[in-house]
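The values are calculated or read from the model by the stated rules, or taken from the named source; none is laboratory data. Keep in mind that this is a model prediction, so the values were computed, not measured. Counting neighbours? That spans all protein chains shown, and the Cβs are built from the backbone with ideal geometry, glycine included.
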């Protein structure tokens, strides 16, 4: 099974992985903001954030840039949807915040580009 965002297989050309950022509450430990603060202050609930890292793989430079262009079109609009990883785990109402391609293309039998994608479930 390949991973998808909003039902689209944007990153299936190469290997990738998902990391779930800390979940729970944002808090300030004692003495962080105020020298008289003796208890932990709970500020708010953290938004669910997931980082995807991987590699786009294509047969040619043109095919690789076509993959990048498709991803950039999706990240430039505030698209909300389901994020599904390779094992079928699903997160609803996620927004693709940022696509960060690496600074170099690797060339061999195929051309490839490593990347990072940040997703978040916005509280608003």
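What the table below lists for this structure:
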{"read-out": "Hits in the stretch 1-29 (condition: within 30 Å of residue 40 (Cβ to Cβ) and not in a strand (DSSP E or B))", "value": "21, 22, 23, 24, 29"}
{"read-out": "Every residue from the stretch 108-124 that is under 14 Å from residue 48 (Cβ atoms) and part of a loop (DSSP other than H, G, I, E, B)", "value": "121, 122, 123, 124"}
{"read-out": "Residues of the stretch 7-53 classified as on the phi > 0 side of the Ramachandran plot and under 13 Å from the mean Cα position of the chain (by Cα), total", "value": "0"}
{"read-out": "Residue count, the stretch 101-124 (criterion: surrounded by 14 or more Cβ atoms within 10 Å (Cβ to Cβ) and out of contact with any strand residue (DSSP E or B) (no Cβ under 6 Å at 6 or more places or on another chain))", "value": "0"}
{"read-out": "Scope the stretch 73-107; condition in contact with a helix residue (DSSP H, G or I) (Cβ under 8 Å, 6 or more places away or on another chain) and either over 13 Å from residue 49 (Cα atoms) or part of a helix (DSSP H, G or I) (or both); matching residues", "value": "99, 101, 105"}
{"read-out": "The stretch 88-103 residues that are at positive phi, paired with ones that are in a loop (DSSP other than H, G, I, E, B) and loosely packed, with under 13 Cβ neighbours inside 10 Å (beta carbon under 7 Å, 6 or more apart)", "value": "88/1"}
{"read-out": "Test: residue in the stretch 47-57 that is closer than 30 Å to residue 116 by Cα and in a loop (DSSP other than H, G, I, E, B)", "value": "yes"}
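The rows are residues; the columns are (1) buried (at least 16 other Cβ atoms within 10 Å of the Cβ); (2) at pLDDT below 95; (3) in contact with a strand residue (DSSP E or B) (Cβ under 8 Å, 6 or more places away or on another chain); (4) over 17 Å from residue 3 (Cα atoms).
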{"position": "29", "(1), (2), (3), (4)": "no, yes, no, yes"}
{"position": "36", "(1), (2), (3), (4)": "no, yes, no, yes"}
{"position": "40", "(1), (2), (3), (4)": "no, yes, yes, yes"}
{"position": "50", "(1), (2), (3), (4)": "yes, no, yes, no"}
{"position": "64", "(1), (2), (3), (4)": "yes, no, yes, yes"}
{"position": "67", "(1), (2), (3), (4)": "yes, no, yes, no"}
{"position": "72", "(1), (2), (3), (4)": "no, yes, yes, yes"}
{"position": "77", "(1), (2), (3), (4)": "no, yes, no, yes"}
{"position": "80", "(1), (2), (3), (4)": "no, yes, yes, no"}
